[in-house]
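Below is one structure, written out as structure tokens, with a few remarks after it.
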Amino acid sequence: MAATCVIGLQWGDEAKGKIVDFLTSQNDVVVRYQGGANAGHTVVFDGKKYKLSLIPSGVFRPEVKSVIASGVVIDPESILGEIDRLRESGVEIEKNLFISERAHVIFPWHKEEDRLMNEVGGRSEAIGTTLRGIGPCYRDKVGRSTAIRMGDLFRADFPEKVRAICALKNRSLPGLAHSEEARAAIQPLDAEKIIADYQGYAARLRPFVGDVVNYLLDVVDANKRILLEGAQGSLLDVDYGTFPYVTSSNSSGVGVTAGSGIPATYFKRIVGVIKAYSTRVGGGPFPTELKDEIGQRIRDNGNEYGTVTRRPRRCGWFDAVAVRYTSRLGGATELSVMLLDVLSGFDTINICVAYELDGRRIEHFPADVDDLARVKPIYEMLPGWSEDITGVKNYEDLPENARKYLDRLSTVVGKPIKFVSVGPSRDQTIVR
Ligand code: GDP
Ligand code: IMO
Ligand code: MG
């Protein structure tokens, strides 16, 4: 037995939540290992829609353990809200949730810093973060001296730590403001209120927090089946994505071992999740973006509005240059193509197979974001299909042009397609 990883190969929102839920029944443990409440994963079954942020998308199978591993950054208020919302809709998570004491904690100062530092020095375009405090929390983790982990919430010196950090942040926050007006609007941090609030959260979270690393290593030794749920997408990876327009964790395949603590030799299956087209939320280059009525039609058909921030997602054609790069980087063993139904009704569908950069054809994904901003996509045009495919159960029953599109997509990316999704619901999934 071994572990299966589900990794987004684009800019996030590839419908990872749906495929994780689909694969959960074949596993004993489901693990979130990076990112935080910037993620918004959607699971739909029996006519009900659930939105998850920090809780793994495997939570709907009571026999499966839900683990939040050490690489995740946790907003305690946010996770408690999620637990409450799940309970209200009849999903009991309490018996099955396990949170790493090593995971770092998001505090109000992180959200304030996120708000103040969204702009990138010297660039006109902002990152457009989710404002959940993700970047600042990871920055404090790497910086060490002003970081607090889940395990620290229960220590006697926790109040002292918060007081010291608040004193420091109250001095540094005004320096981050871009204008006098913004500086004047900054509310000083109230250390005693933060201590009281977080001790309240800690009391509720205590039963779930423990040594997840040791637990997962025991699971590995017992040869059980583990499913790892990536958040964000590979092109948002802090080291390998479209830096600096990225998130602050390793959201590509390279992050699984670091975030979970599970040895790399245990990963046997890497499912690369892709939309049948491309989307991106926030700033940064997007070579195949369609700022016209075709882009709007994709947005309308796919209901492409952010799960977390409700921002309209930028939409465009499938970018095989980018996905060839991320699927190789993550070592994808197979692809899961999502939202194929959104493309029904288009006369022609384009696949970007190469870029033109300064008059030259290139087939690799540029490392430099300014080069990426200058590339022009080179498209292959394929005939579309008009049939409604949302009820199709078998690959062979898809319209011929839909199959041809998928086959071409698989060829240009260089990976086999294992799953095709034709609607949001669990049962609208074709297994090849
Ligand atoms: P994630 O962040 O990768 O889990 O993806 P999101 O949940 O943010 O976004 C995916 C959206 O597409 C959700 O609203 C899903 O319910 C929806 N969805 C998933 N699969 C399909 C599909 O095959 N067709 C359509 N039309 N919608 C889908
Ligand atoms: P899921 O898991 C899509 C984007 C933000 C912004 C950049 C940095 O649902 O696929 P951050 O708040 O992380 O510092 O923002 O990353 N972003 C996502 N885009 N899906 C996500 O998660 C995202 N999480 C962050 O829009 O551009
Ligand atoms: Mg999402």
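The values are calculated or read from the model by the stated rules, or taken from the named source; none is laboratory data. What you are looking at is a predicted structure, and each value in this text was computed from that prediction instead of being measured. Note that each Cβ is placed from the backbone with ideal geometry, even for glycine, and that neighbours are counted across all protein chains shown.
Things to note:
- Residue selected from the stretch 381-398 under the condition away from ligand 1 (no atom under 13 Å from the Cβ) and touching a residue at least 40 places away in the same chain (Cβ under 8 Å), by the criterion nearest to ALA354 (Cα to Cα): GLY384
- The residues of the stretch 233-273 that are more than 23 Å from ARG102 (Cβ to Cβ), of a type in the set (Val, Ile, Thr) and touching a Ser or Thr at 6+ places or on another chain (Cβ under 8 Å), listed by number, are ILE270, VAL271, VAL273.
- ILE68 being within 13 Å of ligand 1 (Cβ to nearest atom), of a type in the set (Val, Ile, Thr) and within 16 Å of the chain's Cα centre (by Cα): no
- Whichever residue in the stretch 182-238 is basic (Lys, Arg) and assigned to a helix (DSSP H, G or I) and, among such residues, is surrounded by the fewest Cβ atoms within 10 Å (Cβ to Cβ): LYS193
- Test: residue in the stretch 117-130 that is without any contact (Cβ under 8 Å) to a residue 24 or more places away in the chain, closer than 17 Å to SER70 by Cα and of a type outside the set (Asp, Glu): no
- Pairs with Cβ under 6 Å, 6+ apart, first in the stretch 132-150 and on the phi < 0 side of the Ramachandran plot, second β-branched (Val, Ile, Thr) and in a helix (DSSP H, G or I): THR146/ILE165
- Scanning the stretch 4-40 for residues that are closer than 13 Å to LYS51 by Cα and either away from ligand 3 (no atom under 16 Å from the Cβ) or not in a helix (DSSP H, G or I) (or both) yields ASP13, ALA15, ALA37, ASN38, ALA39, GLY40.
- Residues that are farther than 21 Å from GLY17 by Cβ, within 14 Å of ligand 2 (Cβ to nearest atom) and not in a loop (DSSP other than H, G, I, E, B) within the stretch 286-314 comprise just one, GLU289.
Matching residues to (1) more than 15 Å from ligand 2 (Cβ to nearest atom); (2) of a type outside the set (A, V, I, L, M, F, W, C); (3) in a loop (DSSP other than H, G, I, E, B):
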{"position": "VAL43", "(1), (2), (3)": "no, no, no"}
{"position": "LYS51", "(1), (2), (3)": "no, yes, no"}
{"position": "LEU54", "(1), (2), (3)": "no, no, yes"}
{"position": "SER57", "(1), (2), (3)": "no, yes, yes"}
{"position": "PHE60", "(1), (2), (3)": "yes, no, yes"}
{"position": "SER66", "(1), (2), (3)": "yes, yes, no"}
{"position": "SER70", "(1), (2), (3)": "yes, yes, yes"}
{"position": "GLU77", "(1), (2), (3)": "yes, yes, no"}
{"position": "LEU80", "(1), (2), (3)": "yes, no, no"}
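- When the stretch 399-411 is filtered for residues that are more than 13 Å from ILE349 (Cα to Cα), in contact (Cβ under 8 Å) with a residue 12 or more places away in the chain and either in a helix (DSSP H, G or I) or among the aromatic types (Phe, Trp, Tyr) (or both), the ones remaining, listed by number, are GLU400, SER410.
- Out of LYS49, LYS18, sole residue that is within 13 Å of ligand 1 (Cβ to nearest atom) and either at pLDDT below 95 or within 15 Å of VAL308 (Cα to Cα) (or both): LYS49
- Scanning the stretch 176-195 for residues that are within 31 Å of the chain's Cα centre (by Cα) and closer than 30 Å to ALA69 by Cβ returns LEU189, ILE194, ILE195.
- Filtering SER100, SER78 for residues that are farther than 30 Å from VAL323 by Cβ and surrounded by 23 or more Cβ atoms within 10 Å (Cβ to Cβ) leaves a single hit, SER100.
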